Amino acid sequence: MTLAAALPTLVTPRGIDILGILPEVILGGGFVALLLLDLVTGPAHRGRLAGFSLFAVAASFGSTVWGWFDTATPHTVYFGSFAYDRFGLFVNAIILVSTALVLMISPQYLNRRGLHYGEYYSLILAAATGMMFLAGASSLMVIFLAIELLSIALYILSGFNRSEPRSQEAALKYLLLGGFASGFLLFGMALIYGETGHTQLVQIASALQSAGTSIDPLLMAGIALLFVGLAFKISAAPFHTWTPDVYQGAPTSVTTFMSVTTKVAAFAALIRVFTYTLGETNVYDRWKIMVYFVAIASMVIGNVAALRQTSLKRMLGYSGIAQGGYILIGVVVLNPLGTVAALYYLAAYAVTNIGAFAVITIMAGRGEDMDSYDSLRGLAFRRPYVAAAMGLFLLSLGGFPPTAGFFGKFFVFAAAIHANQVPLALWGIATSAVSVFYYLRVALLMYTRPAVDQPSYDWSRTSLAGGAVLLFTGAGTLILGIFVTLIYTVASAAQHGVLPSGLL
Amino acid sequence: MNVPWLTVTLVAPLGAALLLQLIPRTATRLLKGFTVTATLATAILVWVLVAGMNGTAISPGPLGFHYEEAHTWIPAIGAAYHVGIDGISAWILALNAGVFLLGAVVVSSRSTERLKLFCGLLLLTETMTTGVLLSIDLLLFYLFWEGMLIPLYFMLANYGNENRGRATLKFIIYTVAGSLLMLVAIIALQFASGRGSFDLTVILGGQMSRQPLVIPWLNISTFSPEQWAFLGFAAAFAIKMPIVPFHTWLPDLYESAPVPVLMFFAGVVSKLGAYGFLRFGLTLFPDAINTFKWLLAALAVVSIIYGALMALTNTDLKRIVAYSSISHLGFIALGIFTLNVNGVNGAVIQIVNHGIIIAALFLIVGIVEERTGTRDIRELAGLEKRMPWLYGFFLVVTLAGLGMPGMNSFVGEFTVMLGAFQLNPAYALLAGVGVVLACWYMLRLHQGLMQDPPTPRTENVRDIRPWQGLVLLPMAALMVLIGVFPRPLGDIASPSVQQSVAVANGSLESVITGIPSASGGAP
């Protein structure tokens, strides 16, 4: 069934319809309310702000769940600029759960590091709102606005530790390179608009399908620039150079947040634009090559560079680049399984990575983040449960069954093989085998007896919220690795309803 | 009542590992007692199941399974929780339960640092290896196959001598690389069969294409998809076994690992590679395995001779045993790749035999090292007089190891040689050289340790303790018992062996050709 024939039944455009963007509106409202609440909350009571922001996230999550049952037939709202479909809502759910987990680990970490300011929470909510808009954006303009909203909030957050040069460096680097990336993105959008005369994805898709076989080089340039802008956000190689520095410099709770949610949201936009707008068109053969090589480059560079790291945050940064490469396989292959695999991988990546970073926040010292490999040595002797959880997360990142990470990789490789792209799967497994080395090295360090002359470190108690986060992410990692059907069914339903062309 | 017995055997060690967490770290006696009880209970259950197997219902189809259980797991991609045992897995399962019990007994007799972690990991490893042996669904099999590395990694990396870190990483990366190739092959197999299932009994006979793949641009034709998929499986299994030239991880690892780990690692974990060939190599790739059997059998012969020569030239006890293990595993591999009933039967018998022998050998080496403080064969002599009981047990193990008629190895190796002769007399001849070499290195080991006047190192050693005798006694008894009365082993194994060999030689093709082959297939 071609797209043009499918459009009338699938897409019933609605005009102004606040219900279609309710989760985003609630979270945005929470962001504004927090700004005001911060004025009347004393320094001693900032934990309440965390509580309030959690409440806003929970309310938004509730409306996301409600929306899921409301979107048996997906449609666009606001005259085609925003997709109200299960794909967006699924990604919303990942973003919201991740945000909630980050909010739970934040107060203890911020207090220890002396960074507990009220703006933190409003900025987190602002960024999350932008991400959710990005997940549902079905117009180039909304994509750009959403990216700007989330980026600006994240620029500030990564420099949140004003007294530390590294944090400042992270913010500046992120700002400068992010500004460039936004420029690429906008320029690409302008070229695509110039070529097709549309900004809405639905119309771009039908314009390209009826365009015939000739491909204008300017259109391809536009697509390439758009991809660069999005690849920067998912930190795919070779647009990844900011990642390790920013991840290391930013406060760990911010790193936790941005490493997961930004990637999830940007991948949602990437899939919506590339797989479902530019997918079943004659430009696919062109952009496929581009994404293909970026995927391989990410897997190789991410995994090889991670081998030589000695800081946990940097290692997880490079590991995130590599994981992004695996998820890109799900975009390249252009089949339904690829999208489901990417969604499953994103969910798995979210629980696992938040868990791993949560361990680093729990370990944080008063003056600095204890994120060097040395400070991890012997963790199992001091904190057996924290170490066991970290071991689980590392195994999941390494793709060992029965954890979430295994099935993420499994579905991605399966998608590649079903699309007759076996070499892509082989690149994936070769780099996976390399990655086992550095994940297991860290896992082993935790179970190695601390050196005799190693300064004993005063470990703080894990807060109740921190323990809950570890419990949740640990259980999630195992559930996604054993009871696969639970999330697979949901991800499959999300893929089924994706706009602009859910029939792919 | 319809009890899912196999699930019980799978969950029992896992449940025990979890319950173990409730016991305080300092209560070492309780930890040890609990671990031994748990492995003993599992072992008794498994042995009863295996002994009573032939009287139970058997599933229909070209491969028959007993105690079958099937539940949906991931219906969207056709993965199922499908477990069952047949004559091939039954004996290895019995061996599996036995060596873990022995490992637990040995652990409980010595003081181990971080005992609770060790016991927990031991029980987890047993869960995983049991799962490997029970799984009929390919994805479930992979889950256990790869999951097995997790407890093994922590066990090998935390316990053993100072070189263990390097050796362990080498092992893990080797095996992970092999396993991942198998994963790709599994997915390709499921996709190519077009039956939307990972179940061995379902995709059996769903042939992959046998047209050679052509590399675009270069226009070079390579192996067919079926052959590539077989090579993916073969990589995983050949590394795990290991077959020369994929063996380089083994001597280092065996040298650095502690004895209780070695008892079940050498005893059963390395046999799982052979089991993988038997279960999946023979059945899923009838064309490919017939193409590659010459090569694989040749590598098996190389393993036999190479392992034997290395065992002859090394002076470290553990390395000698490690290389002898490569040599013996070569026999098992040779038996499998003969693709005839004799060879495969011999391989199954030899898997069990070697599991018992190698566990006993490592136990003895461990005792000798503990008593004398060295593993260097040049510093050891005259234990015969100092340790008469050990001498007795070691003699039985030595004779079993060199394939003396009347001992268990003879039955296995003889049957393998019969099969090899049927394949090509040259293989049998070369394997015969291996048997001669085995006599040589086993006797060198035995005489080196036992004869001549005692050296300063061995002057004042005590004999084995009673419990050590109690562990060695049933093993020695089994070596003799299987040697003189091997029929039960063959009786249970042969129906399944015959079925698998028939499938490997294309019995299914005639059946399948009647059915129009399914094409395409949605995920």
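Tabulated values for the structure
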{"read-out": "Greater than 27 Å apart at Cα, pairs in A:Lys313/B:Lys240; A:Lys233/A:Lys288; A:Lys233/B:Lys170; A:Lys409/B:Lys240", "value": "A:Lys313/B:Lys240; A:Lys233/B:Lys170"}
{"read-out": "Accessible surface buried once A binds B (1.4 Å probe; total of both sides; Å²)", "value": "3100"}
{"read-out": "Globularity ratio of chain A, using Cα Rg and 2.2 N^0.38 Å", "value": "0.92"}
{"read-out": "Kyte-Doolittle mean at least 1.0 and Cα axial length at least 20 Å: DSSP H helices in chain A", "value": "A:22-40, A:119-136, A:140-158, A:217-233, A:284-307, A:336-363, A:384-398, A:404-418, A:422-446, A:464-482"}
{"read-out": "Other protein chain Cβ atoms within 10 Å, averaged over every residue that makes up A:394-407", "value": "4"}
{"read-out": "Heavy-atom accessible area per residue - chain A, 1.4 Å, Å²", "value": "33"}
{"read-out": "Within the accessible area of the stretch A:161-239 (1.4 Å probe), percent carbon and sulfur", "value": "66"}
{"read-out": "Protein accessible area in the stretch A:351-484, 1.4 Å probe - carbon and sulfur %", "value": "66"}
{"read-out": "Helical contribution to [θ] at 222 nm, DSSP H n ≥ 4, -39,500 (n - 2.57), averaged over chain B, rounded to 500", "value": "-22500 deg cm²/dmol"}
{"read-out": "Sequence ranges A:89-102, B:445-458, ranked by mean other-Cβ count within 10 angstrom, highest first", "value": "A:89-102, B:445-458"}
{"read-out": "Surrounding net charge for A:Arg308, when Lys and Arg each add one and Asp and Glu each subtract one, Cβ distance under 12 Å", "value": "+2"}
{"read-out": "Chain A, relative contact order in percent, only Cα pairs under 8 angstrom and at least six apart counted", "value": "17"}
{"read-out": "Nearest-ten-degree value, helix B:5-20 long axis tilted from longest Cα axis of chain B", "value": "50"}
{"read-out": "Qualifying lysines (Cα of each under 17 Å from Cα of B:Lys32; at least 8 residues distant if same chain)", "value": "B:Lys116"}
{"read-out": "Sequence ranges A:219-226, B:281-288, B:108-115, ranked by mean other-Cβ count within 10 angstrom, highest first", "value": "B:281-288, A:219-226, B:108-115"}
{"read-out": "Rounded percent of accessible protein surface that carbon and sulfur make up, chain B, 1.4 Å probe", "value": "67"}
{"read-out": "For the stretch A:390-405 versus the stretch B:195-239, the gap between their alpha-carbon centres in whole angstrom", "value": "28"}
{"read-out": "Neighbourhood net charge (13 Å Cβ-Cβ; Lys/Arg +1, Asp/Glu -1) for B:Thr129", "value": "0"}
{"read-out": "DSSP loop trypsin sites (Lys or Arg not before Pro) with at most 12 other Cβ within 10 Å excluded, longest remaining stretch of chain A", "value": "A:1-161"}
{"read-out": "On Cα atoms only, tilt of B:341-372 relative to the major axis of chain B in degrees", "value": "30"}
{"read-out": "Degrees separating the helix B:225-240 axis from the principal Cα axis of chain B, which is the longest one", "value": "10"}
{"read-out": "Residue-normalised accessible area of chain B, given per residue in Å² at a 1.4 Å probe", "value": "35"}
{"read-out": "Cβ-defined net charge surrounding B:Ser500, 9 Å radius [Lys, Arg +1; Asp, Glu -1]", "value": "0"}
{"read-out": "Ranked packing of A:65-76, B:232-243, most packed first, by mean Cβ within 10 Å", "value": "B:232-243, A:65-76"}
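The values are calculated or read from the model by the stated rules, or taken from the named source; none is laboratory data. These numbers were taken from a predicted model, which means no experiment stands behind them. Neighbour counts run over all protein chains shown; Cβ positions are idealised from the backbone, glycine included. Note: accessible area is taken over every heavy atom of the protein model, side chains too, but ligands, DNA and RNA are not part of it. Shrake-Rupley method; radii C 1.70, N 1.55, O 1.52, S 1.80 Å.
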